[in-house]
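Worksheet for the structure shown next.
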Amino acid sequence: MAQAVSTRGPVTGTATAKKRRKLFLLDLYSTAVGKKYAMAISGIALMGYVFAHLIGNLKMYLGPTEIDHYGEFLRELLVPLLPRTVTLWLLRLGLIAMAVLHIHAAYSLTILNRQARAVKYQSERDYQVANFASRTMRWTGIIVLLFLFWHLADFTWGWVNPHFVRGAVYRNVDASLSRVPVAALYIVANIALGVHLFHGAWSLFQSMGWNNPRFNRWRRGFAIGFASLIVVGNVSFPVAVLAGIVER
Amino acid sequence: MSAHGRHLTNLTLKIWRQAGPDTPGRFETYRIDSISDEASFLEMLDVLNERLIADDREPVVFDNDCREGICGACSLMINGQAHGPQRGTATCQLHMRKFQSGDEIVVEPWRATAFPIIKDLMVDRSPFDRIIESGGFITAPTGGAPDANLIPIPKVVADAAMDAAECIGCGACVAACPNGAAHLFTAAKVSHLNLLPQGQAERFSRVESMVETMDEYFGSCTNHGECEAACPKSISIDFIALMHKDYLKAKLANRRELSRT
Amino acid sequence: MDPALDAKIPAGPIEDKWDSYKADVKLVNPNNKRRFKIIVVGTGLAGASAAATLAELGYQVDAFTYHDSPRRAHSIAAQGGINAAKNYHGDGDSIHRLFYDTIKGGDFRSREGNVHRLAQVSVDIIDQMVAQGVPFAREYGGLLDNRSFGGAQVSRTFYARGQTGQQLLLGAYQQLERQVGLGGVRLWNRVELVDVVVIDGRCSGIVTRDLVTGEFHSHAAHAVVLATGGYGNVFFLSTNAMACNVTAAWRAHQRGAYFANPCYTQIHPTCIPQADETQSKLTLMSESLRNDGRVWVPKNPDDRRPADEIPEEERDYYLERLYPSYGNLAPRDISSRAAKRAVDSGRGVGPLKNGVYLDFSAAIQRVGFDTVWERYSNLFEMYERITGENPTKVPMRIYPASHYTMGGLWVDYELMTTIPGLYCMGEANFSDHGANRLGASALMQGLADGYFVLPYTIGNYLAPLLGKPAPGADHPEFKAAAFAARDRFQNYLEIGGTRSPDWFHRELGKIIWDYCGMERNEAGLEKALSELPALYEEFKRDLRVTGDGASVNQTLEKAGRVDDFFQLGMLMCRDALERKESCGGHFRTEYQDEEGEAKRDDEHFAHVAAWEWTGEPMKPVRHQEELEFEAVHLATRSYK
Ligand SMILES: Cc1cc2nc3c(=O)[nH]c(=O)nc-3n(C[C@H](O)[C@H](O)[C@H](O)COP(=O)(O)OP(=O)(O)OC[C@H]3O[C@@H](n4cnc5c(N)ncnc54)[C@H](O)[C@@H]3O)c2cc1C
Ligand code: HEM
Ligand code: HEM
Ligand code: SF4
Ligand code: F3S
Ligand code: FES
């Protein structure tokens, strides 16, 4: 991080050095604004996934066959055009790429911002508008990340799932979430995600440069709506399992 | 009618004192027994400084000049808020009637790596000049300008440009931003010039070089909005979105021939 | 006519002087320009525009400012607007009318040649600034809007909300920063000029003090340009910024530059009255407010009712009563004195009875709240921040305050002082406003000087110097000057008295305001001239500056400035005493007609008084430049 000139003397020729440009996407990503753009794009993709995932999971309420069949459907996607599970894998790869991009950008921007104020304020800050969500993005993000590992180990690899049966989605969910601490983990994680989205789903409009007095009023509303949809929807599953609504 | 001639009594000031850029600083506590509520915040500091001189001590150093909220020199962190408690008001326009008798008031300099402390409450904000040097202008050498009324500019456009152009370069946006970002300052100048017809020729090269110069010194924007709240000219963060949009256009659209000047 | 004071006005009819000058002025060929180094001190409107333009032309430019950035120069504070004879509104404006209004406004104490040139280039200024992206106010059709200003019957004032000076300065600042970026200008910020160096009769450079490190440096150049603003802060309380000072001009004066008409100071009619003893400066409320505000005081001195309870017939709209044709838009000096008389007659308003009302209720009824708010919102907000009152409900309270100084270093048609190679522009010189400046004309003059005049005229001096060696910064004269400066500042630190520079500045200001302010007379000026030297002696004996000279020390900076203000103050009073007439901003109570209007004495005083430094602040020598009027005939200046 460049420091302002503290050595005294005249200033001149500050704009004469020619910048060397990289390949344009890398060039874009090399700047903070570009990274924010990447965060927004990946964020949107992740939002898309979480949303679709929620819809899929709602099938749980239609009973075992429905949801299991749905899982199967995912694996059967675009068959016979492509072999079984290939499409799913492509989707997974895309998803992983987005998550990695999102996290890398988040990480490097966080470093940049720390350096931008090497010496913190020595008296207490009195924030006016920066809210809890906007100030805890990193932490809520990390919680979601950790949750994700558990989640995969739970439902995809089955490592932490008692008598896990690949493909028996309904059964696996019931088996796992009927354990109170696990259910609690799911609830906490999804609330964290909600908080993350409360800011993220608003913030992305600014980062994308989507700013238009006509719809600016709706940006906050959209964020609240989306975040609560995800939270309510996702939290309902552990609750339903514990309440015995979802039962083998 | 404001209550004229009212006085505030026994204020406690905690002011950051620091002899130089590399020497450690600390808070020092001072008392103001009585001050008129008509006095401005800086006049209150004047009174303190006169007393320090009388006690043969060094007065508090702080930047200020116009004391009309327009030059952008004054720059104090007052009780954790850049330019203090009054919205849309620079430190020099803040008056003591905004405080109560017995208040404790904490005064700190702007803090950002790009704004090293020179002494006490005075910081070096020259990176702002670097950002302007890299593109915050319209290339229009003296002489040979066409008649001023040649290009009509819709009133709304002129007004929007003026909203952005009001920036006084005080640096409160950086000081207030949890990330130490200069997005509001930079976006204000980018928007002022990019909104106007005269600015179109350099629109994309301008935003590109200004944003990249900004990057060399400051943090990134995560849309906290603190800058807008602290800005003495209440410049809107909508301009930040505008800057992002133009920057992406500059990068993604292929206009090497058109604007990679 | 004093030989040293040859204004070098080109011959020929007034309309052609500037063109014929440009036609046969000596030029420096483009490749040779880079062989010349020019120092520009001051980066306000005048300095920034000149530095940028000179660099565009190819000269090596070193620009100096004591601010941290050129954008902070006090030009930034100009609110109302800038004049130009564009006649966009077809209301009969023309270059000649602007020229005449300026001469008349200046009470026939300015130079025809300079003023006409100013009116001519005013047109180019607007084109230039718009091209740079200055967001002037527009009409719905997209064309430029105008407002009318004091002392004019046409509306020729261009404006950008209440921040015209800010927008113009930012425009010039951006041109300057562009040149800094390109390497055409070397910018020295937080560096103050403390002396001017003259070698073999030519100005060869300057000595500076770095306000951050306290170091003294010598800078050599082929020519030096001062654009260091006005000296209104001699009054302590003024609308100038805290740091505005006379140092640069005064140091040049001590090195041989004549100082012209120091007693011509402008008192602005619409400022916020002083509220208490701690007040450090006064804030201007743009004169443009007088377009929609009506000035009045209660007829009855003991009327203590709030404004809205005072019925029409018990109000005295004195400007409308005394000056029917100009009404509330009467020129500044006239409105100021009228306000002073109203307050002196005990009819002042406000808690301290030290102001008059500026009332917008009529305008709000006429054009509606929104329109009025649109026009002045930021001024109204500023007023409320400062006074805690809302001027759309309670009428504003205003009172005159020191605002602008028409006097300054004497310069000829080429803006060169009496020291060859030393130029002076903007408010720092005396040239264009005579005894009183019309509103919105200073921005015009600063930009005219910097963009369109000096870049031409300086070549005339430099061309013959091509190939001739210029003394370097290691020349003994530089060394001597640097030592002298260092000693001077060391001395301030060592006096070890009991009183701060600010204390002395307040006392000095009181004397100047009381005896050399809005109204002057012989007895008062004599009194001032006896009190000032005494106070100055005390300053030299009893000054206290704490801290050291090796880091930022604002008290030390202030000490140097107050020192120079003292010497200037003495010259002001002397000049006011010698000018036995009333004209413009200089009102001698002995010289007024039965209605209390200024009485000029064209027979004996139609001249510029240019003062020469003798080494003794109290013993300056007065020189005269006779003013010839060919295009206009001297008339009594009536705004009735
Ligand atoms: C409150 C207010 C409102 C005004 N409104 C209007 C208006 O509406 N219309 C109008 O036409 N005029 C107006 N004026 C007048 C006008 O603004 C000024 O006369 C004009 O801007 C002066 O410009 P300048 O470039 O000559 O000097 P300034 O802008 O004052 O610049 C002075 C420069 O010199 C530098 N400097 C000074 N001394 C030194 C030194 N010793 N060493 C180094 N640097 C030095 C300073 O750093 C600064 O950069 C107003 C003035 C005031 C105070
Ligand atoms: C996996 C770990 C995650 C981390 C470490 C993380 C971190 C962050 C951070 C630091 C930001 C920047 C705050 C801002 O710019 O406003 C951010 C923004 C965002 N995040 Fe995440 N996040 C994570 C996961 C997610 C997930 C799973 C989603 C969506 C379901 C998501 C959606 C968003 C969105 C939409 C934004 C706003 C982007 C923008 O403002 O440009 N994030 N994230
Ligand atoms: C309580 C809420 C949730 C429930 C009940 C749930 C349930 C499931 C189930 C059953 C699977 C396995 C599907 C299969 O293998 O066919 C799965 C996979 C997955 N879930 Fe969730 N999930 C929840 C919330 C989340 C959240 C909040 C995220 C992201 C932040 C997430 C991300 C994933 C991912 C990445 C996979 C792997 C997908 C794949 O294998 O392709 N889930 N989830
Ligand atoms: S944007 Fe506002 S806060 Fe930032 S520098 Fe400009 S005026 Fe100051
Ligand atoms: S506070 Fe900082 S995060 Fe962005 S919106 Fe303002 S710059
Ligand atoms: S001192 Fe000029 S803005 Fe505060």
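The values are calculated or read from the model by the stated rules, or taken from the named source; none is laboratory data. Owing to the predicted nature of the structure, the values given are computational and were not obtained by experimental measurement. We place every Cβ from the backbone using ideal geometry, glycine too, and count neighbours over all the protein chains shown. Accessible surface is based on the protein model in full, side chains and every heavy atom, while ligands, DNA and RNA are left aside. Shrake-Rupley method; radii C 1.70, N 1.55, O 1.52, S 1.80 Å.
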Shielding of C:372-385 by partner chains, average beta-carbon count, 10 Å: 2
Span-like helix ranges in chain A, DSSP H, alpha carbon extent 27 angstrom or more, Kyte mean at least 1.0: A:32-58, A:86-116, A:180-208
For the range B:53-116, alpha-carbon Rg relative to the globular expectation (2.2 N^0.38 Å, N residues): 1.22
Size of charge dipole - chain C - debye, nearest 20, with Cβ of Lys, Arg +1 and Asp, Glu -1, no other charges: 1160 debye
With every protein chain in place, chain C: carbon and sulfur % of accessible area (1.4 Å): 50 percent
Kirkwood hydrodynamic radius of chain B, Cα pairs, Å: 20.0 Å
Rg/Rh (Cα only; Kirkwood hydrodynamic radius) as it applies to the range A:1-135: 1.18
Amide H within-cut-off set for B:A73, under 5 Å, with H built and near neighbours excluded: B:D65, B:C66
Kirkwood hydrodynamic radius (C-alpha pairs) into Stokes-Einstein, the range B:50-181, 25 °C and 0.890 mPa s, D in µm²/s: 139 µm²/s
For the range B:10-129, with +1 on Lys and Arg beta carbons and -1 on Asp and Glu, the positive-most of B:V61, B:G80, B:P24 along the dipole: B:G80
Solution diffusion estimate, µm²/s, Stokes-Einstein, the range C:132-188, Kirkwood Rh from C-alpha pairs, 25 °C, viscosity 0.890 mPa s: 185 µm²/s
Convex hull per residue volume in Å³, alpha carbons only, for the range C:153-219: 192 Å³
Globularity ratio of the range C:351-402, using Cα Rg and 2.2 N^0.38 Å: 1.17
Residues in the range B:66-93 reached by a label modelled at A:D126 [backbone nitrogen below 15 Å; 7 Å Cα→Cβ]: B:76-91
Over 25 Å between alpha carbons, listed pairs A:K120/B:K14; B:K119/C:K558; C:K510/C:K580; A:K36/B:K155; C:K281/C:K640: A:K36/B:K155; C:K281/C:K640
Integer Hz, Karplus 6.51/-1.76/1.60 couplings in order for the range C:351-368, x for Gly and Pro: x, 9, 6, 10, x, 10, 7, 10, 10, 9, 4, 4, 4, 4, 5, 5, 9, x
Accessible area that becomes buried as B packs against A, both chains, 1.4 Å probe, Å², nearest 100: 4700 Å²
C:T213 paired with C:S345, simple spin-label distance in nm, labels 7 Å along Cα-to-beta-carbon: 6.1 nm
Equivalent-ellipsoid semi-axes of the range C:518-594, from the Cα gyration tensor, Å, largest first: 34, 13, 8
Most fluctuating residue given options A:H104, A:H163, A:H151, as computed from a GNM of chain A linking Cα atoms under 10 Å: A:H163
Amide hydrogen neighbours beyond the local backbone of C:D359, cut-off 5 Å, H modeled: C:R294, C:V295, C:W296
Alpha carbon Rg of chain A, scaled by the compact-globule rule 2.2 N^0.38 Å: 1.26
Cβ crowding within 10 Å averaged over residues, with C:459-472, C:199-212 ranked highest first: C:199-212, C:459-472
Estimated inter-spin distance, C:E537 and C:E603, nm [label 7 Å along Cα→Cβ]: 4.1 nm
Over chain C, equivalent-ellipsoid semi-axes from the Cα gyration tensor in Å: 37, 29, 24
Full-extension gain in nm, C:K527 to C:Q274, via 0.36 nm per residue minus C-alpha separation: 88.6 nm
Viscosity 1.306 mPa s, temperature 10 °C, Stokes-Einstein D of the protein assembly as shown from Kirkwood C-alpha radius, µm²/s: 50 µm²/s
Amide proton proximity set for C:S402, modelled H, under 5 Å, gap of 5+: C:T239, C:H268
Additional length obtainable on full extension of the chain from A:V165 to A:F215, 0.36 nm per residue less Cα span: 13.3 nm
Given charges at Cβ of Lys, Arg, Asp, Glu: the range C:183-239 dipole, positive-most of C:G183, C:L237, C:V212: C:G183
Hypothetical label at B:K155: residues of the range C:117-148 whose amide nitrogen lies under 13 Å (7 Å Cα-Cβ projection): C:137-146
Share, in percent, of DSSP beta bridges within chain C that are antiparallel, nearest 5: 70 percent
Residues C:E374 and B:R51, FRET efficiency given R0 of 60 Å [Cβ-Cβ distance, rounded to 0.05]: 0.85
Positions from the range A:175-206 whose accessible area shrinks by 30 Å² or more when the full protein complex is built, not the chain alone, probe 1.4 Å: A:W202, A:Q206
Chains C and B, summed buried accessible surface - 1.4 Å probe, Å², nearest 100: 6600 Å²
Computed FRET value (nearest 0.05) for C:F629 with C:L143, which takes r as the C-beta separation and R₀ as 22 Å: 0.05
Solvent exposure, largest accessible area first (probe 1.4 Å, DNA, RNA and ligands not counted), of C:L289, A:L229: A:L229, C:L289
Beta bridge orientation in the protein assembly as shown: antiparallel %, DSSP, nearest 5: 70 percent
q = 0.24 Å⁻¹, the range C:278-346: log10 I(q)/I(0) [Debye, one scatterer per Cα]: -1.19
Given charges at beta-carbon only (K, R positive; D, E negative), |dipole| of the protein assembly as shown in Debye: 4620 debye
Mean accessible surface per residue for the range C:298-371, computed with a 1.4 Å probe while every protein chain stays in place, in Å²: 46 Å²
A:F24/A:Y107 FRET efficiency (R0 22 Å; Cβ-Cβ; nearest 0.05): 0.45
Cα-centre dipole for the range B:1-139 with unit charges at Cβ (Lys and Arg positive, Asp and Glu negative), debye to 20: 420 debye
Selection from A:L90, A:G71, A:S134, by position along the positive dipole direction of the range A:60-142 (Cβ): A:S134
Probe 1.4 Å, protein heavy atoms only - accessible area per residue of the range C:554-604 in square angstrom: 31 Å²
Protein accessible area in chain B, 1.4 Å probe - carbon and sulfur %: 53 percent
Surface/4 of the Cα convex hull for the range C:1-93, nm²: 10.4 nm²
Solvent-accessible area, 1.4 Å probe, carbon plus sulfur percent, for chain A: 71 percent
